[in-house]
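Just so it is clear, none of the values below were taken in a lab; they were calculated from the coordinates. Quick caveat, the model's predicted, so the values are computed rather than measured. When we count neighbours, we look across all protein chains shown, and the Cβ atoms used for this are built from the backbone with ideal geometry, even at glycine.
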Amino acid sequence: MPEFDKIIKGGTIVDGTLTPPFKADVGIKDGRITRVGYLKTSDAARTLDASGLIVAPGAIDLHCHYDAPVFWDPACSIGSWHGVTSVTNGNCGFGFAPVHHQDAERSMLSMERNEAIPFDAMKASMPFTWETVGQFMDHLDRMPKAVNMMQLVPVTPLVSYVMGGWEQAKSRPPTQAEIARMVAIVDEAMAAGANGWAAQRLLGNASVQRDYDGTLMISDMMSDEFYLELARGLRKHDRGHIQFAQAAANEGEDPAEAARRSMDFAGRLAETANRPLVFNAVFPGDRRPDIFRAQLGVVDQYNRKGVPLVGIAMTVRLNLRCCFLEKWTFFDDVEVCRDATMGTLEERKAKLTDPVRRRQMKEIYDRTRRPAAAGKITDFVCRKIHRDDLRAKYRDRTVRDIAKSENKHPIDVLLDISAADDFKTEWLTPITNSRAEYCKELLEHRTVAGFSDGGAHAKFQTLGIYPTELLTWLVRETEMVRLEEAHYHLSYMPAWAAGFKDRGCIREGMAADLMIYDFDKLAVEEPEILYDLPPDNDSRLVQRASGYRWIMVNGEVTFEDGRDTRAYSGRIVRC
């Protein structure tokens, strides 16, 4: 009987630990790495010839939203195409457990706008046979999936569950008795194998991730002391981590100071829990490096004190697609714009063409240059347009150019062209972090590479490309980052931060979660539209990868030359 199920032969190993690349074979048995060294092919049931290829640990994605999409996309394809082999669920404090059965539909509605996960797809795919976090994990455990999943307790459904529903939870602060019950539920979830809790707190006009009705999410409304109580509760477990997002700015406050203050509160939570806190997220941007440097300064300050504060580094060039045919959430930092993009399609069309609303939108824009969550409106590019006459006139032009040539206000340009095209026009926002030297700077601190948002905003963005983007843009093309540094931030650091004990590097005894790729041929493919969302083949925006020879999860090949093998060897990782 062969000693190994598989041998990966002749590759160059980048093991994730910052060790320089080295040549060796990898022997795999029962889903684990059992030998690294020179191995005989006769000792394996199957040999994968990795000559000329890189063998590295699979990427670990600490910010995605596959809680619902795994029900219709077991591959979790937007990430696994690019070498992601493990993820965390429950991020931003959003999710589907704990839940009372009568609140199942409300929990799905809560994800419709803030993460742009289609309600109809959730309604058609999710059976809600669970109530507790442990039961939800058991359900996921039985499902086919191509990635490993670690579960965080999401704060928004947690608070709703204890306080008797969403509306009640938004009407008043929780009592001390209710907070104690929430801490106890986190304890119960931890006993079932969950690994901490997650929350977003975006306050006032900083919030562009709102509930389906435009109101703040429950987690946005919780106090400092509430979160500190949850952190104290986690401390006694001596395991687990926190995922936390915060954005808040006082009137007239400098954005860098607001960012520093938010990161400082995250540091307080990490210090209170004595557990790693993964802060979502540190964006390099292009125009205000002082903002991300203020955040990183706080990360450094807490780490010098021995507090495990970690930033999620946005190392992917970011832009978004905007189409008012969909419920465009990234205008939610302005009330009149938010209201105009809510309701049925016909209601949205009526509001977006209403002259009174239009005047209000323009007045606010002239005074504040908002909405701006997706970048400057004047930099939006008319990328896709359906009417032939409009396409010839406007395709690939910026709002600024059109406004100047037609003597129009930028808001009028954006909405007039969209309305004339029956709101099918697709606008492309500017790339907001195109400076490789800034992304390199992020990785010089206690950070993990990531922020795919995989499974969310599927019509607007494809940030799941981040592993391939890091390896091609920052390592190969600009040579800003060394290959071993890239894999450290893609795998080893996120495994440590989240608590994946047996993943994140290539060592004997570790799970065989691997990416095997041709470094010279690795590439992010052009964006495309797939029509595969239930129940009626709704669309999503995707970007595939090329150059990955094999991607392996628990020793099974899940993708071969980009083809889904349907092995679905992912597991629920219980801690």
Original post:
Which ³J(HN,Hα) values in Hz, rounded to whole numbers, follow from the phi angles of the range 479-484 under the Karplus curve 6.51 cos²θ - 1.76 cosθ + 1.60, where θ = phi - 60° and Gly and Pro get x?
Top reply: 6, 6, 10, 6, 4, 5
Original post:
Taking θ as phi - 60°, what are the ³J(HN,Hα) couplings along the range 133-143 by the Karplus curve (6.51, -1.76, 1.60), each to the nearest whole Hz, with x for Gly and Pro?
Top reply: 4, x, 5, 5, 4, 4, 5, 4, 4, 7, 8
**OP:** Over 31 Å between C-alpha atoms is what I'm after, so list which of Lys9/Lys459; Lys349/Lys408; Lys349/Lys459; Lys459/Lys501; Lys327/Lys501; Lys6/Lys236 land there.
**Re:** Lys9/Lys459; Lys459/Lys501; Lys327/Lys501; Lys6/Lys236
**OP:** Excluding residues fewer than 8 places away in the same chain, name every one of the aspartates and glutamates whose C-alpha is closer than 19 Å to that of Lys351.
**Re:** Asp213, Glu326, Asp332, Asp333, Glu335, Asp339, Glu363, Asp412, Asp416, Asp421, Asp422, Glu426
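Any chance you could run the full-extension gain for Ala45 through Ser405? It's 0.36 nm times the residue separation minus the Cα-Cα distance, nm to one decimal. If you can, show how the numbers build up before the last one.
Working: separation 360, 0.36 × 360 = 129.60 nm, distance 6.77 nm.
Fully extending the segment from Ala45 to Ser405 adds 122.8 nm.
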**OP:** Counting other beta carbons within 10 Å of each Cβ, put His65, His445 in order, fewest first.
**Re:** His445, His65
**OP:** Give the order of Leu414, Leu228 when sorted by the count of other beta carbons within 10 angstrom, beginning with the fewest.
**Re:** Leu228, Leu414
Original post:
In nanometres, what is the gap between the two model label sites at Arg370 and Arg397, each 7 Å from Cα along Cα-to-Cβ?
Top reply: 3.1 nm
Original post:
Hey, got a sec? Which trypsin sites (Lys or Arg not before Pro) in the range 235-279 land in a DSSP loop and have at most 13 other Cβ atoms within 10 Å?
Top reply: Lys236, Arg239
Original post:
Could you state the per residue volume, in Å³, of the convex hull enclosing the Cα atoms of the chain?
Top reply: 146 Å³
**OP:** Count neighbours as other Cβ atoms within 10 Å of each site's Cβ, and list the trypsin sites (Lys or Arg not before Pro) in the range 329-381 that are DSSP loop with at most 14 such neighbours.
**Re:** Arg369
**OP:** Give, rounded to the nearest 20 debye, the magnitude of the charge dipole that the range 12-130 has about its Cα centre when Lys and Arg contribute +1 at Cβ and Asp and Glu contribute -1 at Cβ.
**Re:** 440 debye
Original post:
In the range 453-505, what GluC sites (Glu not before Pro) fall in a loop by DSSP, with at most 13 other Cβ atoms inside 10 Å?
Top reply: Glu479
Subject >> Ranked packing of 525-538, 419-432, 387-400, most packed first, by mean Cβ within 10 Å >> reply: 419-432, 387-400, 525-538
Original post:
For the range 360-418, what relative contact order do you get, as a whole percent, if you take Cα pairs closer than 8 Å and at least 6 residues apart?
Top reply: 29 percent
Original post:
Whose amide H sits under 5 Å from the amide H of Val84, counting only residues 5 or more places off or on another chain, with H placed in the peptide plane?
Top reply: Ala59
**OP:** Note down the nm distance, to one decimal, between modelled labels 7 Å out along Cα→Cβ at Ala523 and at Glu347.
**Re:** 4.6 nm
**OP:** Report the charge-dipole magnitude of the range 322-428 in Debye, nearest 20, computed about the Cα centre from +1 at each Lys and Arg Cβ and -1 at each Asp and Glu Cβ.
**Re:** 260 debye
Original post:
Taking neighbour Cβ counts within 10 Å as the exposure measure, how do Arg321, Arg142 sort from fewest upward?
Top reply: Arg142, Arg321
Original post:
When the Karplus curve 6.51 cos²θ - 1.76 cosθ + 1.60 is applied with θ = phi - 60°, which whole-Hz ³J(HN,Hα) does each residue of the range 415-432 get, with x for Gly and Pro?
Top reply: 8, 5, 5, 4, 5, 5, 9, 6, 6, 8, 4, 10, 9, 10, 6, x, 6, 9
**OP:** Can you tell me how much longer the chain between Leu203 and Phe119 gets when fully stretched, taken as 0.36 nm per residue apart minus their C-alpha distance, in nm with one decimal?
**Re:** 27.8 nm
Original post:
So how far apart, in nm, are the two label points at Leu325 and Lys236 if each is 7 Å from Cα heading toward Cβ?
Top reply: 5.4 nm
**OP:** State, as an integer percentage, the relative contact order of the chain based on alpha-carbon contacts under 8 Å between residues 6 or more apart.
**Re:** 21 percent
